[in-house]
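Participant: So that we are looking at the same thing, I have put the structure below in structure tokens.
The values are calculated or read from the model by the stated rules, or taken from the named source; none is laboratory data. Remember, it's a predicted structure, so these values are computed and weren't measured experimentally. In this analysis, Cβ positions are derived from the backbone assuming ideal geometry, glycine residues included, and neighbour counts consider all displayed protein chains. When the accessible area is computed, the model is the full protein with side chains, heavy atoms only, and any ligands, DNA or RNA have been set aside. Shrake-Rupley method; radii C 1.70, N 1.55, O 1.52, S 1.80 Å.
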Amino acid sequence: MRKACIMGTGFYVPDRIVTNDELAGLMDTSDEWIRQRTGIERRRYAPDEVGCAELAHRAALAAMENAGIAPADLDCILLATLSPDYHFPGSGCLLGQKLGLPGVPALDIRAQCSGFIYSLSVADNFVRGGQFKRILVVGSEKHSMALEFATRGRDVSVLFGDGAGAVIVGPTDEDRGILSTHLHADGQYADILWLECPGSAHPRWLTQEMMDQGRTFPRMTGKQVFRHALELLPQVVLEALARNRLQVSDIDLFIFHQANLRIIENCCGQLDIPPEKVYNNIQEYGNTTAGSIPIALHEALSKGMLQRGQHVLLASFGSGFTWASAIVRW
Ligand SMILES: CC(C)(COP(=O)(O)OP(=O)(O)OC[C@H]1O[C@@H](n2cnc3c(N)ncnc32)[C@H](O)[C@@H]1OP(=O)(O)O)[C@@H](O)C(=O)NCCC(=O)NCCS
């Protein structure tokens, strides 16, 4: 049976590096606190004029070059983001315009930190079903303009960075490619990690009161996110392994959504995953939400951590809650 494979990868992060010390100048926090609790040392912030679609555009160009294809070879665009340029239309449409692809379908996928794996799953099914042949899958986030740079928002604002990662998904007749994807969501936890306003759930889209109360900034109950991540992330890893009759020892590389180094280390401890099989870059980029897995995948590939025929397992947990995993035979 025809499979879908990842034909190329690429990413883009803005040049501007923001250290923990720089944030400590804006709010009551410290380099030591941030490193100890999250592993984050620095992150990147995009300039004012660069939004989600432009970050995605730069990552997409890198992935196409890596795959050896041109924009005209694409017949579908999937863009995962929680920080779109506008409330509508979706940033996928803007990305298509930047790539010069009028008429090519573009779909925004809103599954937050699991957005990339959700998108990969959609691409996998589109390709295997034969509807599209070359799909651009991008996770792109510009968080920096929506964070609260004050002590009230410090628990969230120190975590996030801007960046985008992209892959090209296409068909293969070889014995490789995306083996399975596993997607989950549970909206009962929506308010544990969310950006509540503006929104259509309210009598008014946006009010001065919402702004004064800080409800226009992302909010999180960190301990609860942490607790659920430690339960659901290992679960979804085991689900992917079981579906493919594989063991931890059969996986050559693990890439987790880069939310918090302590979450990843705890999950690896629970599953006896050796640290040398895990690639992390949260130290450099913070949490880039939908961008984090494709950025890490590209970097790991560049470092020679994944060879043809080897298995990589991707896994995520985040706002929604959403959680997901995928195994790819490279
Ligand atoms: C955010 C997180 C690192 C906080 O760590 P924690 O040990 O749970 O810390 P708490 O939330 O209990 O806060 C402990 C103290 O640190 C303070 N604190 C929070 N953020 C801080 C910051 N950036 N700098 C310094 N102090 C901070 C709190 O106000 C609290 O102070 P208090 O005890 O005086 O009330 C942790 O909860 C976490 O990683 N959660 C998951 C977050 C995540 O991954 N989100 C993205 C998912 S995709």
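Participant: Suppose every K and R has +1 on its Cβ and every D and E has -1 on its Cβ; what is the size of the dipole of the stretch 1-108 about the Cα centre, in Debye to the nearest 20?
Facilitator: The calculated dipole for the stretch 1-108 is roughly 480 debye.
Participant: Here is a follow-up. Please go through the stretch 70-148 and write out the chymotrypsin sites (Phe, Trp or Tyr not before Pro) that DSSP classes as loop and that have at most 16 other C-beta atoms within 10 Å.
Facilitator: Loop-located and lightly packed - Y86.
Participant: Can I ask one more? What residue among W33, T322, G153 has its Cα farthest toward the positive end of the dipole of the chain, where the charges are +1 on Lys, Arg and -1 on Asp, Glu, each on the Cβ?
Facilitator: T322
Participant: Using r as the Cβ-Cβ distance of R37 and E231, and R0 as 22 Å, what FRET efficiency do you calculate, to the nearest 0.05?
Facilitator: 0.70
Participant: Which length gain, in nm to one decimal place, applies between K133 and S200 when the Cα-Cα distance is subtracted from 0.36 nm times their residue separation?
Facilitator: Extending this stretch completely gives an extra 20.5 nm.
Participant: Sticking with this one: Whole-Hz Karplus ³J(HN,Hα) for the stretch 244-258, in order, using 6.51 cos²θ - 1.76 cosθ + 1.60 and θ = phi - 60°, x for Gly and Pro?
Facilitator: 9, 6, 10, 10, 3, 5, 7, 8, 8, 8, 10, 10, 9, 3, 8
Participant: Are there DSSP H segments in the chain that both extend 20 Å or more along their axis (alpha-carbon positions) and score a mean Kyte-Doolittle hydropathy of at least -0.5? List them, or say none.
Facilitator: Length and hydropathy pass: 52-67, 115-129, 222-243.
Participant: For a protection proxy built on the mean count of beta-carbon atoms within 10 angstrom, sort 150-156, 250-256 highest first, please.
Facilitator: Going from most to least packed, we get 250-256, 150-156.
Participant: If each DSSP helix of 4+ residues adds -39,500 (n - 2.57) and the sum is divided by the residues in the chain, what number results at 222 nm, nearest 500 deg cm²/dmol?
Facilitator: Calculated from helices alone, the mean residue ellipticity at 222 nm is -9500 deg cm²/dmol.
Participant: Viscosity 1.002 mPa s, temperature 20 °C: what is the translational diffusion coefficient of the stretch 167-221 from Stokes-Einstein with a Kirkwood Rh over Cα pairs, rounded to a whole number of µm²/s?
Facilitator: 143 µm²/s
Participant: List the lysines whose Cα lies under 28 Å from the Cα of K303, skipping any in the same chain that are fewer than 8 positions away.
Facilitator: K3, K142, K277
Participant: If you build a Gaussian network model of the chain, linking Cα atoms that sit under 10 Å apart, which residue out of A24, A296, A259 swings the most?
Facilitator: The residue that fluctuates most here is A24.
Participant: Can you compute 3J(HN,Hα) from phi for each residue in the stretch 176-187, using the Karplus curve 6.51 cos²θ - 1.76 cosθ + 1.60 with θ = phi - 60°, rounded to whole Hz and x for Gly and Pro?
Facilitator: Couplings: 7, x, 6, 7, 6, 10, 9, 10, 9, 8, 8, x Hz.
Participant: Heads up, I need the accessible area for R308: 1.4 angstrom probe, whole protein in place, Å², nearest 10.
Facilitator: 150 Å²
Participant: Which aspartates and glutamates have a Cα lying under 18 Å from the Cα of K223, excluding residues fewer than 8 positions away in the same chain?
Facilitator: D155, D186, D191, E231, E265
Participant: If you roll a 1.4 angstrom probe over the protein chains with everything in place, what fraction of the accessible area of the stretch 225-312 belongs to carbon and sulfur, to the nearest %?
Facilitator: Ligands and nucleic acids excluded, carbon and sulfur give 46 percent.
Participant: For E265 and S30, FRET efficiency with R0 = 25 Å and r from the beta-carbon atoms, rounded to 0.05?
Facilitator: According to the calculation, E is roughly 0.75.
Participant: Taking the Kirkwood radius as the inverse of the mean 1/r across Cα pairs, report the Rg/Rh of the chain.
Facilitator: Rg divided by Rh gives 0.95.
Participant: Could you work out how far apart the two model spin labels at D173 and Q307 are, taking each label as a point 7 Å from the Cα in the direction of the beta carbon, and quote it in nm?
Facilitator: 2.7 nm
Participant: Also, I was wondering about something else. Nearest 5 is fine: what % of DSSP beta bridges in the chain come out antiparallel, could you say?
Facilitator: If I count the DSSP bridges inside the chain, around 70 percent turn out antiparallel.
Participant: Rounded to the nearest 20 Debye, what is the dipole magnitude of the stretch 193-251 about its Cα centre when Lys and Arg each give +1 and Asp and Glu each give -1 at the C-beta?
Facilitator: 60 debye
Participant: Rounded to the nearest 0.05, what FRET efficiency do E49 and I17 have when you use their Cβ-Cβ distance and R0 = 25 Å?
Facilitator: 0.85
Participant: Counting only other residues whose beta carbon sits under 13 Å from that of F256, what net charge do I get with K and R as +1, D and E as -1?
Facilitator: Overall, the nearby charge balance is +1.
Participant: Still on this model: Antiparallel versus total DSSP beta bridges in the stretch 1-121: what percent is that, nearest 5?
Facilitator: Antiparallel: roughly 50 percent of the beta bridges in the stretch 1-121.
Participant: I'd like the Kirkwood hydrodynamic radius of the stretch 1-148, using the inverse of the mean 1/r over distinct C-alpha pairs, in Å.
Facilitator: The answer is 16.6 Å.
Participant: Assuming 0.36 nm per residue, please report the length gained on full extension of the stretch Y86 to R110 beyond their Cα-Cα distance.
Facilitator: So the extension gain works out to 7.3 nm.
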